[in-house]
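What follows is one structure encoded as structure tokens, with my remarks underneath.
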Amino acid sequence: MLYKKEYSAATQSPQAFWLEKAKAIDWFKTPPSAFNNISGGTVEWFKGGTLNTSYLALDHHVQSGKGDKTALIYESPVTQSTVSFTYSELLGEVSTFAGALSRLGVTKGDRVIIYMPMIPQAAIAMLACARIGAIHSVVFGGFAANELAVRIDDATPKIIVTASCGIEGKKVLPYKPLVDEAINLATHKPQGCILVQREQLKARLETGYDHDWHYLMSSSSPVEAVELDATHPLYVLYTSGTTGKPKGVVRDNGGHAVALNYSLDAIYGISEEDVFWAASDVGWVVGHSYIVYGPLIKGATTVMYEGKPVGTPDAGAFWRVVQKHKVNVLFAAPTAFRAIRKEDPNALLLSEYDISSLRTLFMAGERLDPSTYYWVSEKVGVPVIDHWWQTETGWPICSNPMGIQPLQTKPGSSSVPTPGFNVQVLKSNGEQQDVGKKGAIAIKLPLPPGCLQSIWQDNDRFIQGYLTEYEGYYSTGDDGFIDNDGFVFIMGRTDDVINVAGHRLSTGEMEEVLASHPAIAECSVIGVNDTLKGQLPIGLVLLKDGVDIDETQLESELVSLVRETIGPVASFKRAIVVNRLPKTRSGKILRKLIRQVAANEDITVPSTIDDPASVAEIQQVMMQKGLVTKAEPQ
Ligand code: COA
Ligand code: AMP
């Protein structure tokens, strides 16, 4: 079995395995070894090697005579435009923007925040930062000013790169006022802002502080890629944790390049001739790894899509793009296909397009529920692969290894561990769980290359949050089981993270926002199942004594508060007033228990509960509101 051989080579001799895989990369200086231990099971990858990720993604291909090959296709139904860049053209744009950043004083190690819609300049800005060793931090456009401000204060960027507006379906959303507000809210003040003026809505620029992208480009000169240590950070990407403070996942250059390049071969089976389309957003890890860096490092063609699966203009959008650009491999979130199925249950629009170029369809971001799996498999007629990963890992932990050896598909499972990831299911005491039984999913250290190196400016949080719960393991925060054939089934998060339409959000953060409302004494936010978005957050709120407020009015105030503080992407639409919340005798809200009620799971009421009747009450309220249909405490 090719897969088994590859997997055991990666597990048994990781030094030799990864040093071999690193040979596929055009290093400036070849690393002497794959990894060396730092502490507590964490490792540094390819120390002593030097490279530049922008060079790998662009110069390397141009120098190999592939300058005329299409690197990036920008497909934008919302502006009705399509623009392609060859590798030479993209290199020209990136090296000039790198020159512009340098002119503004950005140097190696400086941070640059990129808050942009899905336009090519977002990818250009990322690659330009990589070119000069600046560390980019891309912030998803659906976050509100406050979220951007939190990231500005944590990353302390020298420059912010943005655009005058984003376009969401038919809505034109001004970005500039939001960026201004964020800078206003933040303690750290960036030195300037570079803005792409879009025709749909121009922004007013402040002389001396704001710089027009196009003007800056026309007056800047290209610069070469600088030589960087393999361990130098490439980017910081914030992701939701259990509190209001997001975690800045730090990714290195060397491990990242080797891992992504390997994943395109081993998992996605991508060659240089292929067109790869990850229908995600540059604000998420999928966008970093598989819209920008991965396909370009590989020398393939990547599609950057500014649109939705439905409504831009219809539920045939995915099929249209596949046909138009002869996409070979598509990567999207299950929620996107649930949206398509809802509008076009019989996939009638699919018959209008020729999607014969499509070889494989990968899904991630949330569990691929069997019903969506069967629908997509039947309609599309190509292998549909569920694969599991996280912002922290940067590439898939489990997948059907299509480039090594396609395995059978088991609906509900994200297949087998990727070579390099030693995936184990543990009991709460840290012992190995029995085959087929549910437990915490952990990865035995060391993690393979490409995974997070730390949390930006907070190594303690990295150690505490990921490496201390089970000694010698990285805790994924997911639970699930492994079956007799070694197939991994991910069942859900064990913490306060939920997944809404493929977007990772923190319920803890939403609770902090609700608690800031003057009428609220206590609250709990949990994710409830949703047939379209997978999960949706709902707030259970307890009013302060003596507060008399109309419930509908309160709900609308809370919805606005979350929208203004976190952003529309939170999709927070429901807040329910309850008389009490289940708590321990020491006063801690039993969130896990509430989550179980909402998920219709069998419940074991813990002996530490203060008021057992509160569980039935919560259940009743949720049932009345149509949020829970069954579940009885035992
Ligand atoms: N900038 C500004 N606002 C944004 C945004 C962005 N980049 N992305 C989303 N929003 C807004 C939306 O406009 C919407 O606002 P509204 O409440 O005013 O309507 C809100 O955030 C929620 O957005 P979303 O969750 O995307 O819902 P939707 O109804 O617009 O679309 C789906 C539903 C399923 C079609 C869409 O969520 C989708 O395509 N999801 C796939 C996500 C994905 O690719 N994830 C990456 C993992 S691979
Ligand atoms: P993110 O960091 O945004 O990629 O979200 C990571 C989380 O999304 C994981 O910890 C899982 O809870 C969930 N997730 C991602 N992909 C899958 C999958 N294929 N199956 C189940 N859960 C998934």
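Points worth noting:
- Straight-distance crosslink candidates among aspartates and glutamates, where the alpha carbon sits under 13 Å from Lys588 and sequence neighbours closer than 8 are dropped: Glu522, Asp610, Asp611
- Residues within the reach of a label modelled at Lys171 (point 7 angstrom out along Cα to beta-carbon, backbone nitrogen below 20 Å), restricted to region 189-232, are 198-203.
- Probe 1.4 Å - accessible area at Ser137, Å² to nearest ten: 0 Å²
- The residues packed around Pro157, meaning those with a beta-carbon under 13 Å from its beta-carbon, carry a net charge of +1 if Lys and Arg are +1 and Asp and Glu are -1.
- Within-11-Å neighbourhood charge of Arg320 [Cβ basis; K, R +1; D, E -1]: -3
- Region 486-634 - share of DSSP beta bridges that are antiparallel (%, nearest 5): 75 percent
- Mean shadow area of region 338-431 over all directions, Cα convex hull, nm²: 8.0 nm²
- Rounded FRET efficiency, nearest 0.05, which uses the C-beta distance separating Asp68 from Lys588 and R0 of 56 Å: 0.35
- On the basis of the beta-carbon distance and an R0 of 41 Å, Ser219 and Val605 show a calculated FRET efficiency of 0.05.
- Accessible area, probe 1.4 Å, largest first, for residues Met1, Met363, Met491: Met1, Met491, Met363
- Antiparallel bridges, percent of DSSP beta bridges restricted to region 299-401 (to nearest 5): 10 percent
- If you sort the three axes of the alpha carbon gyration tensor as a ≥ b ≥ c, you get a/c of 1.5 or more for region 53-166 and a/b no higher than b/c, which makes it oblate.
- Each peptide among 439-448, 474-483 gets the average number of other Cβ atoms lying within 10 Å of its residues, and from highest to lowest they stand as 439-448, 474-483.
- Distance (nanometres) between label positions extended 7 Å along Cα→Cβ at Ala16 and Asp458: 4.1 nm
- Solvent-accessible area of Arg574, all protein chains in place: 80 Å² (probe radius 1.4 Å, heavy atoms, ligands and nucleic acids excluded).
- Radius 14 Å from Cβ of Pro295, net charge of other residues (Lys, Arg +1; Asp, Glu -1): -1
- Accessible area (Å², per residue) of the chain, counting only protein heavy atoms and a probe of 1.4 Å: 38 Å²
- For region 500-624, the Kirkwood radius over C-alpha pairs fed into Stokes-Einstein at 20 °C and 1.002 mPa s yields D = 144 µm² per second.
- A crude spin-label estimate for the pair Lys202 and Ala521, with each label 7 Å from Cα along the Cβ direction, gives 5.6 nm.
- The listed residues Ser377, Ser221 rank as Ser221, Ser377 when sorted by accessible area, largest first, using a 1.4 Å probe.
- Estimated inter-spin distance, Leu348 and Gln80, nm [label 7 Å along Cα→Cβ]: 2.5 nm
- Packing here is the average count of other Cβ atoms within 10 Å per residue, and on that basis the peptides 409-415, 340-346, highest first, run 409-415, 340-346.
- Packing order of peptides 229-240, 615-626, highest average first: 229-240, 615-626 (average count of other Cβ atoms within 10 Å over each peptide's residues).
- Rg ratio (alpha-carbon, reference 2.2 N^0.38 Å) - the chain: 0.94
- When the listed pairs Lys573/Lys625; Lys29/Lys444; Lys171/Lys202; Lys342/Lys625 are checked against a 18 Å cut-off, the alpha-carbon distance exceeds it for Lys29/Lys444; Lys342/Lys625.
- Here Lys66 sits with roughly 60 square angstrom of accessible surface, probe radius 1.4 Å.
The values are calculated or read from the model by the stated rules, or taken from the named source; none is laboratory data. Just so you know, these numbers come straight off a predicted model, no measurement behind them. Positions of Cβ are generated from backbone atoms using ideal geometry, with glycine treated the same way; all protein chains shown enter the neighbour counts. Please note that ligands, DNA and RNA were not included when accessible areas were found on the heavy atoms of the full protein model with its side chains. Shrake-Rupley method; radii C 1.70, N 1.55, O 1.52, S 1.80 Å.
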